[in-house]
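So the structure is just underneath, and the comments pick up after that.
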Amino acid sequence: MGTLLNMFKNNMRQYSMIIALVFITVLFQFLTDGILLKPLNVTNLILQNSYILVLAIGMVLVIITGHIDLSVGSVAAFIGALAGIMMVDMNMPFYLAIILSLALGALVGAWQGFWVAYVKIPSFIVTLAGMLLFRGLTMIVLDGQSIAPFPKAFQKISSGFLPDFSVGSFNFLTIIIGIVLSLVYIGIEVYNRRLQKRYGFDPASGKGFIVKMVVIVAVINLFMYVLASYKGIPNILIILFALVVIYSFVMNRSIMGRHIYALGGNEKAASLSGVKTKKVTFWVFVNMGVMAALSGLIFAARLNAATPKAGTNFELDAIAASFIGGASASGGIGTVIGAIIGGLVMGVMNNGMSLIGLGIDWQQGIKGLVLLAAVGFDIYNKNKSS
């Protein structure tokens, strides 16, 4: 018990939101009489929040650099509208339309990144203008009407599952993947621990290390068991997993990631240290444009339509997910995993409150209080550590 308490104290920022997520999940599991964690609802949670989680991954990078992006919802709607025109009206192959849509998202990000990085207009103003501009362009290109339906192959991005290789009532392939992921995780943790010892670092205690691995392996396999009880692993979960792995690696193990953290921590010091701050800011916004485009494609595929009102309030959910996940409003602090956890906190709250019949007015108020509490907790920790 003492080992666990010490581990929590040393990593309070990292573990507090995980504990909050567990607490909220258990609470709504009780209030909904067990409906929340039923296999069908767990799968729906993934599908319903996938586009917000994609945005949160890009948004946390923007926030780490000390900026903000208010335009992502409008950009997602705009790219979804263009994808609808390409696939439905022009009969373009879906894979070509996806590539062009992501490229257009990069151009949008480059447009906004130029004004922020090189003209030095505050990101709040640039992206607020972008929010209005791209919402207007969405209405113009759609002429106020929806475009539907999308090709079946495109819809599978959000509604498809890995091939059903079942034994009895379970998707056997999902169980196998859970076991493989557990073994890979154990191998990585053991390797990292040996590496720490080799270079003279003081790793976590043996008991804490084992407890951590047992808990995470249990969570992985329980999650896969729940998915296997319905239809298996959704295609969108594969996309999210790949994004989390890639961006976590970039932020933790690459020069670009270190430059992003350095820029957010102290821009002048980073510039004096040789970091090309303007270039880093520019590419972070380009990346945000691509992620907004991907989010728009995912939402359009799930809705099976491109609509003028798509993407409404997406930016607020993505920003909230980043802050709830531990990102600092002053920049320099935040993680991709934290943003995902923050997005899941919001998603579980939305789903749980809907299941127990709370109106949208109460839901908005409660989410606002949660966001305020998360940022207040962040400031409290910073003041305490200083």
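The values are calculated or read from the model by the stated rules, or taken from the named source; none is laboratory data. Source: prediction; values computed, not measured. Positions of Cβ are backbone-derived with ideal geometry, glycine not excepted, and every protein chain shown enters the neighbour counts. These area figures cover heavy atoms from the full protein model, side chains too; ligands, DNA and RNA do not enter into them. Shrake-Rupley method; radii C 1.70, N 1.55, O 1.52, S 1.80 Å.
The GNM of the chain, with springs linking C-alpha atoms under 10 angstrom apart, assigns the highest mean-square fluctuation among Leu102, Leu40, Leu358 to Leu358. Helical content of the chain, expressed as a calculated mean residue ellipticity at 222 nm, amounts to -25500 deg cm²/dmol (DSSP H runs of 4 or more residues, -39,500 (n - 2.57) each, divided by residue number, nearest 500). Taking every protein chain into account, the accessible area of the chain amounts to 50 square angstrom per residue (probe 1.4 Å).
Straight Cα distances below 16 angstrom link Lys156 to the lysines Lys231, with same-chain residues fewer than 8 positions distant left out. Candidate cross-link partners of Lys276 among the aspartates and glutamates, defined by an alpha-carbon separation under 20 Å and a same-chain spacing of 8 or more, comprise Glu267. Computed over the chain with a Gaussian network model linking Cα atoms closer than 10 Å, the most mobile of Val284, Val60, Val211 is Val211. Just tell me which aspartates and glutamates come within less than 16 Å, Cα to Cα, of Lys197; anything on the same chain fewer than 8 places away is out. Straight-distance partners of Lys197: Glu189. Show me the helices of the chain, taken as full DSSP H stretches, that run 24 Å or more along their long axis by Cα and average 1.0 or above in Kyte-Doolittle hydropathy. What comes out of the filter, once short or polar helices are dropped, is 12-31, 39-64, 94-117, 123-142, 206-228, 235-253, 277-303, 336-355. Each peptide in 117-128, 286-297 gets a packing score, the mean of other Cβ atoms within 10 Å over its residues, and the list from highest to lowest is 286-297, 117-128.
Between rounded, prolate and oblate, where does the stretch 260-325 land on the alpha carbon gyration tensor, with a ≥ b ≥ c its root eigenvalues, rounded for a/c under 1.5, else prolate if a/b exceeds b/c? It is prolate, given that a/c is not under 1.5 and a/b is the larger ratio. Can you send over the carbon and sulfur percentage of the accessible area for the stretch 275-316, probe radius 1.4 Å, protein chains only? Exposed carbon and sulfur together represent 64 percent of the surface. The Cα atoms of the stretch 176-227 cover 41, 18, 9 Å along the three principal axes, with the biggest extent listed first. A value for Cα extents along the principal axes in Å was derived from the coordinates, and within the list (i) 78, 51, 43; (ii) 58, 43, 39; (iii) 63, 63, 41 it appears as (iii). Classified by the C-alpha gyration tensor, the stretch 316-366 has a prolate form. Its axis ratio a/c, with a ≥ b ≥ c, is 1.5 or above, and a/b is larger than b/c. With a threshold of 18 Å on the Cα-Cα distance, the over-threshold entries among Lys212/Lys384; Lys38/Lys152; Lys120/Lys278; Lys120/Lys279; Lys38/Lys212 are Lys212/Lys384; Lys38/Lys152; Lys38/Lys212. Note on the chain: with a GNM built from Cα contacts shorter than 10 Å, the maximum mean-square fluctuation among Lys152, Lys278, Lys207 falls on Lys207. With a 1.4 Å probe and all protein chains left in place, how much of the accessible area of the stretch 20-140 comes from carbon and sulfur atoms, in whole percent? Looking at the stretch 20-140 in its full context, I get 80 percent from C and S.
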